Every structure is written in C-alpha cells, then in structure tokens.
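Here, each number is a calculation from the coordinates, and none is a lab measurement. No experiment lies behind these values; they were computed from the predicted model shown. Using ideal geometry, Cβ is built from the backbone for each residue, glycine included, and neighbour counts are taken over all protein chains shown.
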Amino acid sequence: MARQLITPQKIRDHVKRLGEQHPPIRMDSVDFTVKEPRTLSERFGSVLDYLARVELEVDRNVLELLVLLPDVDETNRMFYADVWHPQEIQHGLILDRLQGDLGQPPAEPINDIALRVKLLAPLAHFRPIQEITRFLYFLTGASTERQAVLAYNTLSKGLDEMGEKAISQTLIGQIKQQEPGHFAFYQMSATSMVQHEVLKPWQLWLARVLREKTFGLVGTNKNDRHRKEYGSVIVGLGLEDRLESYAREIGRLETRLLWAKEKGMEFPPYMLKALRECLALYREEFAKGNLSPTAALG
C-alpha cells in the first residue's frame, strides 16, 4: 500500500497539471516523414491500426462513463472530459493520419455504447454500486494505460531501429509523454479509495468477482475479431515470449489493491489467460494461411 496518503486535493492538482502541461498534440507539430513506408507498414501496420482505433474509441468511452458514473465528482469529470478525451482523440487522429500516409485503410472505431453497459444504467444511481463501478473504472484505466505505455515504448524502440526517427520522436515521442500522466491519475484514484476505506468488505469481494468475470484487454471489446487483432499486436511488438512479464506489468496495481490477501500472486491469472487467448486466436488464423505474421486484421 502507498505510504503517503493520497487526498482528493492531490488528485485534483494532478489533473490540473496534466491539462496545463500537456495540451492536445497539434497535428502540425508532427513530422510525418517516413523513409520506408512499405517496410514500416509490414512490420508495424497492425500495431498502428490497433492503437489508432483504440484511441479513437474514447468517444464511446466517455458516453459509457456518463451512463455508469452519473454522479461523478468534478475532478473525475475534469479528467475525462477536459484532459483525457481531448488528448486521446488527438492521438487517434494523428495515428490515423500516419496510417493514411502508409496506404493503410482508416481505423474503424466502435462508438456505440455496449448493451451490457445500458443494462447496468438503472443500477448506476445506487451509491454502493457506483462505488464499485468507480473502483473498477480506475483499475481498468490503470491497466489500459500501462498497456498503452508498454506498446508505445516498444514501438518507439522499433522505429528507432528502423531509422524512422521523425515519427518516433515527433509522433510516438509526444504521445509517450502524455500516457504516464493518465496512468498516474487512475493509480492515485484507486489507491485513495482503498486508503480511505471507501469500499466495504462485501464491495471489495464483489469487485473481485466482477473483475475476474468481465476482464478484457484494451480494445478487444469482447469479440473475437478484436482479440485476434490484439494477438497480432502481441506478435508485432515481439511480446509473444514475454506474456507473463507483460501480465505482471499491466496487473501490478490490481494485484496490490484488489488481491492483496492472495499471498504470492504476481498478477491476476485472468490477465495472462486473456493474453494467451488473444495470441491463440491470432495464431489459429495465421495457421489457416489468412495472415502474414504482422498483418493488420481489419
């Protein structure tokens, strides 16, 4: 558990700094020069497509938050409406512009609110339910941002190795500066809820049950097509032999806050299970001869 008490004011100050220090990336600040477009597309085409789609799905994410957290406080509203959404949507637009320059089709984000979210709407106004939902939202956000940070860091290294310095530094480099601040918000917010004992034991128990039953990797949207695409990203980034360490990275906060009583747990098993399922779906499709190792699956 964090030693320093995280207060609502500290979280609010963090959000204000994010907005002031990291405005949305300007399109004209990016150098889209690519030396070898075809080689870049073959190596990282699936990764760019997936990242662009996920970033552009923030419109749906905000709509879902309005349904699931109808009584959200001003700090959370300021974060997702004034800071996170403007930054993320610009990430998606910039990545999609790069896709177009490479001759790839545009990203196809899913921006319809999921039926399961609509079904939860009547329960969202009950305070105990909203507290659980808010906690799971913070854990999901932390896991998502860790996945993004790891993906962008690995992509940046790969681009540098290829000599594609322009987009590595001015495109991926700028995005990389903004994602850690998002993770910090979710980490602070979730940790603060635990420190202040917002959740009663039965709420924590239910949160564990729901998390284990509903966990999904970022952008998979609970469908096999997007799970296959995530599998292609795993391969594209060269992570297929490092799934356990990857699960440990994206699940560290969740292990500490949600599964603290499970001694010896390095990461929640459902995270590794989800990664293996995505990779298996991709390999199954590849074995049929339908895909090249790093081809986009869209």
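Before moving on, here are some points about what is shown:
- Counting Cα-Cα pairs of the range 194-255 in 5 Å increments starting at 0 gives whole-percent bin shares of 4, 14, 17, 21, 18, 11, 7, 7, 1.
- Annotation: the residues Met265, Met193, sorted from fewest to most other C-beta atoms within 10 Å of their own C-beta, follow the order Met265, Met193.
- Residue with peak Gaussian network fluctuation, the chain [Cα springs, cutoff 10 Å], from Gln195, Gln87, Gln187: Gln195
- Over 22 Å between alpha carbons, listed pairs Lys157/Lys222; Lys35/Lys157; Lys35/Lys228; Lys16/Lys200; Lys222/Lys273; Lys213/Lys273: Lys157/Lys222; Lys35/Lys228; Lys16/Lys200
- Using only alpha carbons, the range 46-144 has a radius of gyration to Kirkwood radius ratio (Rg to Rh) of 1.04.
- Sites matching chymotrypsin sites (Phe, Trp or Tyr not before Pro) across the range 90-141 that sit in DSSP coil, with at most 15 neighbouring C-beta atoms within 10 Å: Phe126
- Think of it as helices only: each DSSP H run of n ≥ 4 in the chain is worth -39500 (n - 2.57), and spread over all residues that comes to -21500 deg cm²/dmol at 222 nm.
- Straight-line reach from Lys176: taking Cα to Cα under 14 Å and skipping same-chain neighbours fewer than 8 places apart, the aspartates and glutamates in range are Glu55, Glu88, Glu145.
- Order of Met271, Met162 under a 10 Å beta carbon neighbour criterion, fewest first: Met162, Met271
- Computed extension length for Leu63-Arg97: 9.8 nm, one decimal, from 0.36 nm per residue of separation with the Cα-Cα distance subtracted.
- Shape summary: the range 247-291 maps onto an equivalent ellipsoid whose semi-axes, from the alpha-carbon gyration tensor, are 31, 8, 6 Å in decreasing order.
- Nearest 10 degrees, 0 to 90: helix 8-21 Cα axis against the chain principal axis: 20
- Overall form of the range 117-233 per C-alpha gyration tensor (a/c, 1.5; a/b vs b/c): prolate
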